[in-house]
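The values are calculated or read from the model by the stated rules, or taken from the named source; none is laboratory data. Please read all numbers here as calculations on a predicted model, not as lab measurements. Note: ideal-geometry Cβ built from the backbone for every residue, glycine included; neighbour counts use all protein chains shown.
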Ligand code: P6P
């Protein structure tokens, strides 16, 4: 069959410059080869999470159109019970992990109890915040998924228990987030650096766009809800005042993943101190603080609860909260001092 071209098509500079990098799938496979005894379960688990992220990305992008931004309980046009997007995200991630077969247990911000998908031969457990900051979805503000992966403690083949989750943050095998923003980016670490993959909707693939991410040792951005300022510990109030005296930029999106990601790229610190309303802080240790602290440290940054490194905390409750100061190393050290 002969193919004739009516005109030659010259690629523009922008198209030539497109970093059409390695796909996430291929990167995960290459990464697995670096693990001598890896048998592919962790790779498959990461792919299952990335797939669910593609589905959530689609739901978020059409949320306004198919009327799923509303509150639970009302009916949508098809007469289905309308569900909030974070409930939908929770269902999607649990289904993806159940069908993927690698996760023997899941905890989620949306569920009180440990979820047992029936994969008792799975070696890994997953702690997840399916859609953090979802109150922002109605106003088109970026939101995110945060996940943390541990190797189970209970014997493979038995029914998992909460013991599998109550492990020190440093025991994490992998952690990551998906930021559904102006573009959707999948960022994760398995303890060998942090890499970011931008999703190309037209191809349905994530492509490496932020290799070996490193946060600058210091920065000039602070992120906190100053509405709570007079509730913060005195030392934190003084720190925030010192940032202002140095003309740092105050940037607070109200969506942890978006604030964290910006600080990772530009340098900065995110603070969620204890307040009267939230004496242990607002953020959840197992599926918000631990995974982001793992990423922060892998990227050369730091994360503390004000007393100790977040990753050194041994959790006692699946949904316990912790104060969080996370980002550029020198800024976190300054707060701690
Ligand atoms: P506040 C969203 O609800 C969230 O968990 C984080 O994403 C965000 O950084 C924080 O809470 C916002 O909390 O109290 O400042 O509205």
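Considering segment 276-319 alone, what residues qualify as being within 21 Å of residue 134 (Cβ to Cβ), touching a strand residue (DSSP E or B) at 6+ places or on another chain (Cβ under 8 Å) and either in a loop (DSSP other than H, G, I, E, B) or modelled with pLDDT under 95 (or both)? Correct list: 278, 281, 282, 283, 318, 319. Looking for something within 16 Å of the ligand (Cβ to nearest atom), under 20 Å from residue 192 (Cα atoms) and under 13 Å from the mean Cα position of the chain (by Cα) - is there at least one such residue anywhere in segment 319-336? No - not one qualifying residue is present in segment 319-336.
In the set 233, 279, which member is farther than 14 Å from residue 332 by Cβ, in contact (Cβ under 8 Å) with a residue 24 or more places away in the chain and away from the ligand (no atom under 11 Å from the Cβ)? Let's see the steps before the verdict.
Numbers: 279 fails: in contact (Cβ under 8 Å) with a residue 24 or more places away in the chain.
None of the others qualify; the one that does is 233.
Of everything in segment 148-162 that is closer than 24 Å to residue 51 by Cα and in contact (Cβ under 8 Å) with a residue 40 or more places away in the chain, the residue that is nearest to the ligand (Cβ to nearest atom) is 148. Any chance you could count how many residues in segment 111-147 are more than 13 Å from the ligand (Cβ to nearest atom) and in contact with a helix residue (DSSP H, G or I) (Cβ under 8 Å, 6 or more places away or on another chain)? Result for segment 111-147: 14. When the criteria are applied in full, residue 318 fails the requirement of being assigned by TED's automatic domain parsing to the domain that holds residue 255 and crowded, with 24+ Cβ neighbours inside 10 Å.
Within segment 282-308, if we keep just the residues that are surrounded by fewer than 24 Cβ atoms within 10 Å (Cβ to Cβ) and touching a residue at least 60 places away in the same chain (Cβ under 8 Å), the residue that is nearest to the ligand (Cβ to nearest atom) turns out to be 284. Checked against (1) touching a helix residue (DSSP H, G or I) at 6+ places or on another chain (Cβ under 7 Å); (2) closer than 27 Å to residue 185 by Cβ; (3) in a loop (DSSP other than H, G, I, E, B), residue 271 meets all criteria but (3).
Can you find even one residue in segment 196-217 that is within 16 Å of the ligand (Cβ to nearest atom) and either at pLDDT 95 or above or closer than 30 Å to residue 49 by Cα (or both)?
Filtering segment 196-217 down to residues within 16 Å of the ligand (Cβ to nearest atom) leaves none.
Scanning segment 196-217 turns up no residue that is within 16 Å of the ligand (Cβ to nearest atom) and either at pLDDT 95 or above or closer than 30 Å to residue 49 by Cα (or both).
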